[in-house]
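Visitor: What follows is a structure written as structure tokens; I'll ask about it next.
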Amino acid sequence: QRIFNKNVTLSAVEQEHSSKGQEQMHMGYGLWAALGAIAFGTGATLIDGQVSADELELHHPHYQWDHQKMFTSYDHAGLRRGFQVYKEVCQACHSLQYLCFRHHIDVTHTKDELKAIAAEYMYKELNDDGEAVDRPGNVQDYLPEPYENEIKARLANNGALPPDMTQIVLAREGNEDYIYALLTGYEDIPAGQKDAEEGQAYNPYFHGYYLGMAQQIYDESVDYEDGTVPYKSQIAKDITQYLAWASDPYKDGASDPYKDESKLYGMKTLATTGVLIILAYLYKRMRINHLRTRLLHFAKPGYEQSISANAVVNNTSKYDALDRALKLPK
């Protein structure tokens, strides 16, 4: 009977502990549920309960551009081809109003070649009588603009204004990757998308899908003067690299490839610094290191010989022990 009652008592205690554990477990679940509801409500408030269609736009891939690497320069043959693509394809609508012909000297063309190219265009200037006359261009002139003003540019492009491309690579998120993906990303309108308006084209890499520029680059749309096969991907690569060079912030008005020059000077600086570090280390070992390793002993007046007689002395030795070893009277 006692054993039975004892068992009953233990069972009651166990049930009490079990009920308390279940209550604590339910409280923990309730706390996590409350935190989840708060987080969900905060997220819903931040996005205003909507999912933007912009999140479904196709993101541009990342490409390995040689001119972005530390020890490689621009492909100057590619820059020359890119200038040809701009001149034959892009210049009809887009300007490079902050770029001069002289910027291209010894980068894409020689000076004589650029003089001949600039002379193909006519520029307005005032004569001695104050009248506007036409003159052939020279290497000091900026690249000509396709339209006289913004109004004519919009009228010729269904109300859209073609942007200037001098800084287009720096002005777009993704830089060269975005430009290349945009030029090669045109495709037919997929099912479920609205039809494009007049003068618009569908491109999944463009913000909003529809842009006012139709596809301009196709296979063999440019006949390269150096014999390079003009695939669409090659043409897009060349014009993208050329626009990246045009957007180069190191170009400050002279006719040098400043980004390449900066890399070259950086490599020379690193090499020179390495040599100087080695020379400084050797100088330290030969000229300064003995000052750091010398040992100074201080003796009472009249006991200087106790130090000079044993110059190589450990700095942990005691003068008394040294005097005893030299048998000097105290």
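Residues checked against (1) open to solvent by less than 40 Å² (accessible area, probe 1.4 Å); (2) among the β-branched types (V, I, T):
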| site | (1), (2) |
| --- | --- |
| N158 | no, no |
| P162 | yes, no |
| T166 | yes, yes |
| I179 | yes, yes |
| L182 | yes, no |
| G185 | yes, no |
| I189 | no, yes |
| Q193 | no, no |
| A196 | yes, no |
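Visitor: Answer yes or no as to whether P146 is modelled with pLDDT of 90 or more and in a loop (DSSP other than H, G, I, E, B).
Guide: yes
Visitor: Does at least one position in region 96-111 carry a residue that is exposed (fewer than 13 other Cβ atoms within 10 Å of the Cβ) and among the hydroxyl-bearing types (S, T, Y)?
Guide: Checking region 96-111: at least one residue is exposed (fewer than 13 other Cβ atoms within 10 Å of the Cβ) and among the hydroxyl-bearing types (S, T, Y).
Visitor: Please enumerate the residues belonging to region 184-205 that are part of a loop (DSSP other than H, G, I, E, B) and of a type in the set (S, T, N, Q).
Guide: Q193, Q200, N203
Visitor: Among the numbered criteria (1) out of contact with any Phe, Trp or Tyr (no Cβ under 7 Å at 6 or more places or on another chain); (2) at pLDDT 65 or above; (3) assigned to a loop (DSSP other than H, G, I, E, B), which one does Q215 miss?
Guide: Among (1) out of contact with any Phe, Trp or Tyr (no Cβ under 7 Å at 6 or more places or on another chain); (2) at pLDDT 65 or above; (3) assigned to a loop (DSSP other than H, G, I, E, B), the lone unmet condition for Q215 is (1).
Visitor: Which residues, taken from region 55-112, are among the acidic types (D, E), closer than 20 Å to T166 by Cα and assigned to a helix (DSSP H, G or I)?
Guide: Taking region 55-112 first, the residues among the acidic types (D, E) are 55, 57, 66, 75, 88, 106, 112.
Filter once more, so that each one left must be closer than 20 Å to T166 by Cα: 75, 88, 106.
Listed by number, the list holds a single entry, E88.
Visitor: What are the residue pairs meeting all of these: first residue in region 174-199, first residue under 25 Å from D66 (Cα atoms), second residue assigned to a loop (DSSP other than H, G, I, E, B) and open to solvent by 60 Å² or more (accessible area, probe 1.4 Å), Cβ atoms under 6 Å, and 6 or more apart or on different chains?
Guide: D177/H62; D177/Y63; Y178/R172
Visitor: Let me confirm something: among L243, L322, which residue is modelled with pLDDT of 60 or more, surrounded by 10 or more Cβ atoms within 10 Å (Cβ to Cβ) and under 27 Å from D141 (Cα atoms)? Outline the logic, then answer.
Guide: Numbers: L322 fails: under 27 Å from D141 (Cα atoms).
Only one candidate passes the filter, namely L243.
The values are calculated or read from the model by the stated rules, or taken from the named source; none is laboratory data. Quick caveat, the model's predicted, so the values are computed rather than measured. When we count neighbours, we look across all protein chains shown, and the Cβ atoms used for this are built from the backbone with ideal geometry, even at glycine. What goes into the accessible areas is simple: the full protein's heavy atoms, side chains included, and nothing from ligands, DNA or RNA. Shrake-Rupley method; radii C 1.70, N 1.55, O 1.52, S 1.80 Å.
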